[in-house]
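Since the structure comes first, as structure tokens, the remarks are kept for the end.
The values are calculated or read from the model by the stated rules, or taken from the named source; none is laboratory data. Computed from a predicted model, the values in this text were never measured in an experiment. Here the Cβ positions follow ideal geometry from the backbone for every residue, glycine too, while neighbour counts run over all protein chains shown.
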Amino acid sequence: MEEVTTPPSRLLQMTSILRSAWIWAASAALILLWTPLLGAIRLFDFRPPRLRTGRWFRRLGRVIARVSPWRIRVSGGENVNANQVYVVVSNHQSVADIPVIAHLKLDTKWLAKAELFRLPVAGWMMRMAGDVPIERSDRRKGAIAMMRCARYLRQRCSVVFFPEGTRSPDGRVLPFNDGPFQLAIRERVPILPLVVEGTGAALARNSWVFGKARDIHLGILEAVSVDGWNVKQAAALGARVRQRIVDELERRRGAGRED
């Protein structure tokens, strides 16, 4: 009787599925455990913009990253001034970008699509943390969301944006929306560009299966001043910041090929 063996590719696929199921289960358990903790912190976090609640919510992202098969490398920490407020912009490859950017050592609120705030548990925590939902199809609601972001900046809390508006399907940086750059110019706040690389392969768009263990890089670039810029030049400013992110991505990918 012939022995039946499992092809190596099939075995690897099964291993990836089982590992991914465990990671998602562990992440869900952490979220469920974290919700009452965040609620208790929020209950006693009286002063706007409720920075303590936001810090603990971002801490959850860092904890979730630890149960994933990722080795997160952060560079450019010297470009962050803890006493400065920023409009933070990042490229967007995957949902995995969120726990990676949570390693940024700043008090932040995030602008995110309104659908996420309707999710049970995770959406509740986003509201408790004071993150800002945006309905992109409704210009009036979009303007209200940007007004909330402006208020956070005036309260000395940075705001995080994905100016592409959606995840890149192939790792290339999509065109940037003008909104974050208009906001930065109006509020006279510098822009802090971030570069995330590796998350697209770690957790591909429209897939729940995690890739193999890998290094993921969070690069913090030098802040961009808005001095001398006016709102009508927001698109040009966004294009300049985008090009810096693209250049850094190409540099990192080139270095990876050489290694």
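Values for this structure:
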item	result
Residue that is at pLDDT 95 or above and either among the acidic types (Asp, Glu) or under 27 Å from Gly219 (Cα atoms) (or both), where the choices are Gly171, Gly165, Gly130	Gly130
Every residue from the stretch 153-167 that is closer than 22 Å to Val100 by Cα and out of contact with any helix residue (DSSP H, G or I) (no Cβ under 7 Å at 6 or more places or on another chain)	Ser158, Phe162, Glu164, Gly165, Thr166, Arg167
Selection status of Trp110, at pLDDT 95 or above and out of contact with any strand residue (DSSP E or B) (no Cβ under 7 Å at 6 or more places or on another chain)	no
Selection within the stretch 67-105 - free of Cβ contacts under 8 Å to residues at least 40 places away in the same chain, touching a helix residue (DSSP H, G or I) at 6+ places or on another chain (Cβ under 9 Å) and part of a helix (DSSP H, G or I)	Ile98, Pro99
Lone unmet requirement of (1) closer than 19 Å to Ala28 by Cβ; (2) out of contact with any Ser or Thr (no Cβ under 7 Å at 6 or more places or on another chain); (3) buried (at least 16 other Cβ atoms within 10 Å of the Cβ); (4) not β-branched (Val, Ile, Thr) for Ala129	(2)
Residue match in the stretch 169-177 (condition: of a type in the set (Gly, Ala, Ser) and surrounded by 13 or more Cβ atoms within 10 Å (Cβ to Cβ))	yes
Single residue of Ala184, Ala202, Ala234, Ala223 found to be touching a residue at least 24 places away in the same chain (Cβ under 8 Å) and more than 24 Å from Lys105 (Cα to Cα)	Ala234
Breaking point among (1) touching a strand residue (DSSP E or B) at 6+ places or on another chain (Cβ under 7 Å); (2) at negative phi, for Gly198	(2)
In the stretch 113-122, residue surrounded by the fewest Cβ atoms within 10 Å (Cβ to Cβ) [restricted to those that are out of contact with any helix residue (DSSP H, G or I) (no Cβ under 7 Å at 6 or more places or on another chain) and either hydrophobic (A, V, I, L, M, F, W, C) or in contact (Cβ under 8 Å) with a residue 24 or more places away in the chain (or both)]	Leu119
